[in-house]
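The values are calculated or read from the model by the stated rules, or taken from the named source; none is laboratory data. Keep in mind it's a predicted model, so treat the numbers as computed, not measured. Virtual Cβ from ideal backbone geometry, glycine too; neighbours counted across all protein chains shown.
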Amino acid sequence: MSWQKEYQNKLVTPEYVASFFNSGDTIGMGGGTGIPPAIGKAFGARAEELENVQVLQGFATSIHDYMLPKNKGRIQIQTIFVGPAERLCMDWGTLDFVPNHLGSMAEWAHDAKPTKIAFMVTPPDENGYMNLSLFAGLVPHSIREQAELVFVEVNRNTPWLISPDYQIHVSQINGIVENDSPLFEMPEIPITSVEERIAAEIADMIPDGSTIQLGLGGLANSIGHFLKHKKHLGIHSEVVSNSIMELLKCGAADNSLKTHMPGKSVYTFAVGTQELYSFLDKNQDFIAFEIGYTNDPAIIAKNENIVSVNNAISLDLTGQVASESIGTRQYSATGGQVNFVLGAQKAKNGKSILALNSTYQDKEGNLCSRINPTLEPGTVVSTSRNDVQWIVTEYGSAMLKNKSISNRVKQLINIAHPDFRERLTFEAKKIGWI
């Protein structure tokens, strides 16, 4: 039988797919734009018939029907990375967070043992292979192999990513749903004046010829803007966003001096605008790998002169970095931060930078410091003070690696907001650090 005939024979409705989701199942639904909306809607429609269903996913960009609060007690979501939609699920009590490094995605999913999985793909190529596209890293190859049933939602709006890991053949699928829904687009986040000052500081720390890793958000966009005058930058990054695309389009990044996979932008995920998705579609200058490869510190370390830049939420005066929770409230996840912190420092001439605004405004509009003697009770430490290298705020940079507590305290006070330096100094002396 030709793959074309097999494809036609496997076309089903979303309701047909959802009929296979039973009480007691563990179901993998992918993540981000890879969560199949039509299947998700049909799954949610029969939630009242189900009990004790576990769903594995990550970085959900939209609320799908099975995630709604009315399904609490019937469907429990597990995620390794809290996305914007999943924060609502945490408030509703329908989501359970799994602490882990994003580079350990496959191990987490393997231990959870999903028996049925569903995710979004491109239409088949001339050989019958479909591409898992933008969030393929949340459906590792090993999980696809161990699942009893594999369902896909074919979407012609989904870009084809060049990758040795992201293809699946029609013959490996149990049911195919066609649904050309528009993809979620991450809007351009306005750049603040504080982010511009931080970005300018970081840009000065990135020499021509560096390989870079950037995260998501306004700071990453701002850094991308300040790097446009650089030459021969390389890309090895967990995620590709519009800021990476702009560096490649303007010629600042060309991957020509990379020591690992020269000529290629290496990554796992992509999230941004339709312009980015079109830019990535069958673009031979990019190569995507499963997260276990991209985020392996040993692989990261093969990139000489790599500069890793990630965001933090707060830190204490000894260098403990909180990047995922605000007190006890889980806001995001460790993600790949520690993977890149360790990998960049193992690389020849590598550099790890953690950046944050020095202040924030509380609910009453009061200015508060993000640098404090100790972290707020319940705050999760994402990156240990043993592993931190550079900290950057809008007031400068502090090199903490191999530095004593007293040295760290003095450096961090110097890059805190001026309004809080006197209090921080008083508290540090009271504790006995300086």
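Listing for the model above:
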| quantity | calculated |
| --- | --- |
| Subset of the range 154-172 [surrounded by fewer than 23 Cβ atoms within 10 Å (Cβ to Cβ) and within 25 Å of the chain's Cα centre (by Cα)] | 154, 156, 157, 159, 160, 162, 163, 164, 165, 167, 168 |
| Members of the range 398-411 that are out of contact with any Leu (no Cβ under 7 Å at 6 or more places or on another chain), hydrophobic (A, V, I, L, M, F, W, C) and not in a strand (DSSP E or B) | 400, 405 |
| Flag for residue 300 being closer than 29 Å to residue 121 by Cα, surrounded by fewer than 23 Cβ atoms within 10 Å (Cβ to Cβ) and under 19 Å from the mean Cα position of the chain (by Cα) | no |
| One residue from 184, 151 being buried (at least 20 other Cβ atoms within 10 Å of the Cβ), outside any helix (DSSP H, G or I) and among the aromatic types (Phe, Trp, Tyr) | 151 |
| The range 56-73 residues that are on the phi > 0 side of the Ramachandran plot, paired with ones that are assigned to a helix (DSSP H, G or I) (beta carbon under 7 Å, 6 or more apart) | 59/32 |
| Any hit, the range 217-232, residues being outside the structural domain of residue 125 (by TED's automatic domain parsing), without any contact (Cβ under 8 Å) to a residue 12 or more places away in the chain and not aliphatic (A, V, I, L, M) | no |
| Residue among 405, 415 that alone is touching a Gly at 6+ places or on another chain (Cβ under 6 Å), more than 23 Å from residue 100 (Cβ to Cβ) and either of a type in the set (Phe, Trp, Tyr) or assigned by TED's automatic domain parsing to the domain that holds residue 211 (or both) | 415 |
| Candidate set from the range 189-218 (those that are assigned to a loop (DSSP other than H, G, I, E, B) and of a type in the set (Ser, Thr, Tyr)); member that is surrounded by the most Cβ atoms within 10 Å (Cβ to Cβ) | 210 |
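Residue by residue, here is whether (1) surrounded by 21 or more Cβ atoms within 10 Å (Cβ to Cβ); (2) in contact (Cβ under 8 Å) with a residue 24 or more places away in the chain; (3) in contact with a Gly (Cβ under 8 Å, 6 or more places away or on another chain); (4) of a type in the set (Phe, Trp, Tyr) holds:
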position: 94; (1), (2), (3), (4): yes, yes, no, no
position: 109; (1), (2), (3), (4): yes, yes, yes, no
position: 126; (1), (2), (3), (4): no, no, no, no
position: 133; (1), (2), (3), (4): yes, yes, yes, no
position: 138; (1), (2), (3), (4): yes, yes, yes, no
position: 146; (1), (2), (3), (4): no, yes, no, no
